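Right, one structure below, let's go through it.
The values are calculated or read from the model by the stated rules, or taken from the named source; none is laboratory data. This one's a predicted model, so the numbers in the text were calculated from it and none came from an experiment. All Cβ positions, glycine included, derive from the backbone under ideal geometry; neighbour counts span all protein chains shown. We work out accessible area using only protein heavy atoms, side chains counted, and drop any ligands, DNA or RNA first. Shrake-Rupley method; radii C 1.70, N 1.55, O 1.52, S 1.80 Å.
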Amino acid sequence: MKITGFETFIVPPRWLFLKIETDEGLSGWGEPVVEGKAHTVQAAVEELMDYLIGQDPQRIEDLWQLMYRGGFYRGGAILMSAIAGIDQALWDIKGKIYNAPVYQLLGGACRNSMRVYSWIGGDRPIDVVKAALEKKAAGFTAIKMNASEEMQFIDTHDKIYAIVERVAAIREACGPEFGIAVDFHGRLHKPMARGLARELDPYRLMFIEEPVLPENNEVLREIAHHTSTPIATGERMYSRWEFKNLLKDGVVDIIQPDLSHAGGITECKKIFAMAEAFDVAVAPHCPLGPIALAACLQVDATSYNAVIQEQSLGIHYNQGNDLLDYITDPAVFAYSYGHVHIPSGPGLGITVNEEYVRRMAAEGHRWRNPVWRHRDGSIAEW
């Protein structure tokens, strides 16, 4: 079998899909995208596919190494996301060759379903108690919310108190068993992150996420001294080499690699296994589309330390199109009691509605994240 061609599809709300074709009629789908940089990743996919046309799609490890090591310059959000989507599509093809879900080719499942959480509150968190109760009523057992709006290096403590009040209200409304995760989103710097982590400790959060930017991961040790809440990070880390020192430092409890950013199924399976050796849990990042979520669940199924999965149904970014619109059978992602079953069809376990993809690709998108500024006019972290 040989790879004969590929197509990319920029589809709303902010996604990029990839279809890889073979000379035996089998095709596979991937989701190579960086949110806000879909066209840049599309160009990187086109460049990488020059190496793959005519190659055997079953030699996934070799093709991964070719894409990663063959270009001399490597790593980073764009290149690793391009590799990730190609890798997902290759695994999708391989599963279809053997008429088996990807998890069977990775050693088989160690679980039947995966716990999931739902987003509430938007970029600037509002109405979080109402939204949390709605998600609980819908069967979710956990939610995640952004902590704050803009936050200066040294800011006023009324912003800290406002965050704590929101979390306290959710905890009171939803009960002690309900999972609450608070995403600092890298918006806070060390002085404010340290204080907020301490103030949130009494509310027994599921985790705090990205309390500082990943380029400042050395600060996590100091933050860990001020809280017993599990610390999560990793959505903006792109390879096992980036996770290596984080795990060796022993200051993170949950890592969050994104299977559309961190090299795909091949690389993330290795990252998950590295984390298990350090007794660190995994909660993959995935505010993306159905192909990315299917890839996550295939690896989750085989990974003992995978504890909960992000998913984008109803997320505030999904304006006009949502997670289930691009697949023929939305029931594959039916959520029940806060869990979703692992897709068991061949490959990634979903069937992409190609006709709808093509129709929406004609519309396309140029999604960009908002640009925030502080009151003094300086750029704020979004």
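Please enumerate the residues belonging to the stretch 282-316 that are open to solvent by 10 Å² or more (accessible area, probe 1.4 Å), at pLDDT 95 or above and in contact with a helix residue (DSSP H, G or I) (Cβ under 7 Å, 6 or more places away or on another chain). Passing the criteria: Thr302, Tyr304, Asn305.
Somewhere in the stretch 207-217, is a residue within 16 Å of the chain's Cα centre (by Cα), more than 30 Å from Arg69 (Cα to Cα) and either open to solvent by 20 Å² or more (accessible area, probe 1.4 Å) or among the charged types (D, E, K, R) (or both)? Checked the stretch 207-217: at least one residue is within 16 Å of the chain's Cα centre (by Cα), more than 30 Å from Arg69 (Cα to Cα) and either open to solvent by 20 Å² or more (accessible area, probe 1.4 Å) or among the charged types (D, E, K, R) (or both). Between Gly320, Gly364, the distinction of being open to solvent by less than 50 Å² (accessible area, probe 1.4 Å), assigned to a loop (DSSP other than H, G, I, E, B) and not hydrophobic (A, V, I, L, M, F, W, C) belongs to Gly364 only. With respect to the conditions (1) surrounded by fewer than 18 Cβ atoms within 10 Å (Cβ to Cβ); (2) modelled with pLDDT of 95 or more; (3) over 17 Å from Met145 (Cβ atoms); (4) over 23 Å from the mean Cα position of the chain (by Cα), Lys248 lacks only one, and its number is (4).
For the condition open to solvent by less than 60 Å² (accessible area, probe 1.4 Å) and touching a Pro at 6+ places or on another chain (Cβ under 8 Å), what is the one hit in Ile86, Ile60? Spell out the reasoning first.
Details: Ile60 fails: touching a Pro at 6+ places or on another chain (Cβ under 8 Å).
After applying the criteria, what remains is Ile86.
When the stretch 120-141 is filtered for residues that are surrounded by fewer than 20 Cβ atoms within 10 Å (Cβ to Cβ) and aliphatic (A, V, I, L, M), the ones remaining, listed by number, are Ile126, Val129, Leu133, Ala137, Ala138.
In the set (1) open to solvent by less than 20 Å² (accessible area, probe 1.4 Å); (2) assigned to a helix (DSSP H, G or I); (3) in contact (Cβ under 8 Å) with a residue 60 or more places away in the chain, Ala181 fails one condition alone, (2). Buried (at least 20 other Cβ atoms within 10 Å of the Cβ) and part of a helix (DSSP H, G or I): does that describe Leu18? No; evaluated as a whole, the condition is false for this residue.
In this entry, Leu259 passes the filter for residues that are of a type outside the set (S, T, N, Q) and either within 21 Å of the chain's Cα centre (by Cα) or at pLDDT below 95 (or both).
When the stretch 128-172 is filtered for residues that are of a type in the set (Lys, Arg) and either over 20 Å from Phe207 (Cβ atoms) or assigned to a helix (DSSP H, G or I) (or both), the ones remaining, listed by number, are Lys130, Lys135, Lys136, Lys159, Arg166, Arg171.
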